[in-house]
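Only one structure is covered here, and it is reproduced in the block below.
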Amino acid sequence: MSWTRTAWIAMTLVWAGLAQAAEPATSATSQAQAALKAKLPFEDRQDYDFADHGYLGTLSDPLIRRADGAIAWDLKAYDFLQGPAPDTVNPSLWHHAGLLAKNGLFQVSDHIWQVRGFDVSNVTFIRGKTGWIVIDPLTTAETAKAAFALVTDKLGARPIVAVIYTHSHSDHFGGVRGIVSQADVDAGKIKIIAPEGFLKEAVSENVIAGPAMNRRAQFQFGYKLTPGPTGQVSSGIGQGIAKGTITLIAPTLSIDHTGQALHIDGVNMLFQMTPGTEAPAEMNLYFPDWRVLCMAENANVSMHNVLTPRGALVRDAKAWADDLTRSIDLFASRTDIMFTSHGWPRFGQGAIKAFLTDHRDAYKYLHDQSVRMMNSGMVGSEIADQIALPEVLAKDWFNRGYYGTMSFNSRAVYQRYMAGTTPIRSIWRCSPRQKKAAAMLKRWAGPIRFWVWRNQPSIRETMPGPRPC
Ligand SMILES: [Zn+2]
């Protein structure tokens with residue numbers, strides 16, 4: 001082994017140890033947490049009612065294992081989320097994570113059940129005349145299989161007659177082979193339904209850009225951190241991603257226009273296409289006979305990512321807001337129950353309309369104010385430093401930044417319109433500002449860290465700071 005390689009491994013180990021060392025909160029952190037806690041609207045308890053609604057129990061064995069015996073998911077991993085927030089955790093995130101960590105089977109309506117807290121996403125079971133229509137079978141085969149076992153245990157054995165993927169992200173299709181076989185799909189026993197363009201977009205994200213995106217996702221989701229008050233607390237839209245087997249079965253039926261209707265196993269469904277929002281191929285669906293709306297991942301319990309730390313095409317905050325407006329126009333006045341593929345459902349027409357409206361307004365405000373500042377001459381970093389939701393929108397728990405943030409998302413708006421660059425050509429190469437930043441980094445972080453940053457592209461892209469000149 002060369003000296004260079006030996007040194008690199010040693011540095012990586014030291015670095016990993018430093019990165020994962022658990023330390024108590026500093027006094028500055030404790031003061032900041034206390035100041036935030038004093039401002040949070042804890043008197044608003046509506047989410048607790050929604051998150052507990054219809055709970056029917058969970059698995060007796062908390063460990064969901066892979067075929068090799070390794071643990072894919074531990075249902076008790078987040079049991080530490082009890083009582084007041086410790087100083088090491090943002091009190092708003094602690095509140096949010098406690099709600100997301102509830103796991104088990106929940107009855108959403110007379111015909112609809114969800115298994116939540118078994119993965120980063122939810123799986124939904126619609127009871128048809130003869131079997132189940134499944135929406136979004138989680139990220140991994142192991143967690144999907146465990147969720148289906150819980151449904152069968154609590155509600156009785158029924159076959160799966162159809163699977164609907166609401167969009168092209170792997171946490172909404174990756175578990176499909178845990179509950180459905182390719183042979184049954186090929187035999188026509190089970191329909192696989194997805195929005196038009198699903199397969200192309202799923203391949204684009206998970207195969208073409210897969211290695212880079214997976215590497216970055218490990219940082220975004222804290223994949224290798226141990227859950228705990230000084231470790232991983234929550235991803236913001238679910239507790240974390242299961243460590244199981246990601247699978248796929250190609251769709252057999254595509255939805256290609258808003259207003260398209262399907263009748264499957266006695267269940268009527270109406271679709272709204274939402275391409276270019278949270279995913280390039282995504283759709284909402286509505287159950288007109290039951291006044292129930294599924295908002296896929298287009299409306300969430302957190303501000304979502306318009307720019308994603310893991311990568312993915314930059315999203316369009318304006319299109320997102322416009323499609324939420326369309327959802328409100330199409331469905332809000334005839335919906336009594338709304339569920340999504342992350343987080344908990346909402347009940348009551350007033351609560352649902354207020355949620356959709358305020359959530360839409362947050363994305364529209366993000367877009368419009370970023371554009372206003374951009375046109376006034378500010379660059380992306382300046383906008384990101386200043387933009388914030390007004391209190392009338394920021395007061396809503398679901399508009400807070402547990403997953404995406406206003407600051408980071410404003411960069412998506414800037415990047416979408418301005419390509420994220422400065423118009424001054426000399427700065428594209430090696431500007432004095434970059435040289436100065438590189439020199440400062442070298443002085444502060446030491447020659448070893450600088451060497452890693454300069455010579456290890458896979459690590460460098462996860463580190464803050466300018467490119468070396
Ligand atoms: Zn998702």
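The values are calculated or read from the model by the stated rules, or taken from the named source; none is laboratory data. Just so we're clear, the structure is a prediction, and the values are computed from it rather than from any experiment. Cβ coordinates were reconstructed from backbone atoms using ideal geometry, including for glycine residues, and neighbour counts include every protein chain displayed.
Of note:
- Residue within segment 277-287 that is within 16 Å of the ligand (Cβ to nearest atom), in the same structural domain as Ser204 (by TED's automatic domain parsing) and farther than 25 Å from Thr325 by Cα present: no
- In segment 366-404, the residues that are assigned to a loop (DSSP other than H, G, I, E, B), among the hydrophobic types (A, V, I, L, M, F, W, C) and closer than 15 Å to Met303 by Cα: Ile387, Ala388, Leu389
- Filter result (outside any loop (DSSP other than H, G, I, E, B) and either in contact with a helix residue (DSSP H, G or I) (Cβ under 6 Å, 6 or more places away or on another chain) or under 30 Å from Thr130 (Cα atoms) (or both)) within segment 232-265: Leu253, Ser254, Ile255, Ala261, Leu262, His263, Ile264
- Within segment 78-92, being free of Cβ contacts under 8 Å to residues at least 40 places away in the same chain and closer than 13 Å to Thr230 by Cβ holds for no residue.
- Only one of the listed residues (Asp47, Asp79) is in a loop (DSSP other than H, G, I, E, B), modelled with pLDDT of 95 or more and not polar (S, T, N, Q). That residue is Asp79.
- So Val207, is it under 24 Å from Arg66 (Cβ atoms), without any contact (Cβ under 8 Å) to a residue 12 or more places away in the chain and more than 16 Å from the ligand (Cβ to nearest atom): yes
- Here Thr247 passes the criteria (1) surrounded by 18 or more Cβ atoms within 10 Å (Cβ to Cβ); (2) without any contact (Cβ under 8 Å) to a residue 60 or more places away in the chain except the one numbered (2).
- Residues considered: Asp256, Asp329. Of these, the only one that is assigned by TED's automatic domain parsing to the domain that holds Pro211, away from the ligand (no atom under 16 Å from the Cβ) and without any contact (Cβ under 8 Å) to a residue 24 or more places away in the chain is Asp329.
- The residue of segment 90-108 that is nearest to the ligand (Cβ to nearest atom), among those that are in a loop (DSSP other than H, G, I, E, B) and among the polar types (S, T, N, Q), is Asn103.
- Residues in segment 394-412 that are among the polar types (S, T, N, Q) and over 13 Å from the mean Cα position of the chain (by Cα) were compared, and the one that is farthest from Gln239 (Cα to Cα) is Ser410.
- In segment 109-139, residue nearest to Trp73 (Cα to Cα) [restricted to those that are within 13 Å of the ligand (Cβ to nearest atom) and assigned to a loop (DSSP other than H, G, I, E, B)]: Asp119
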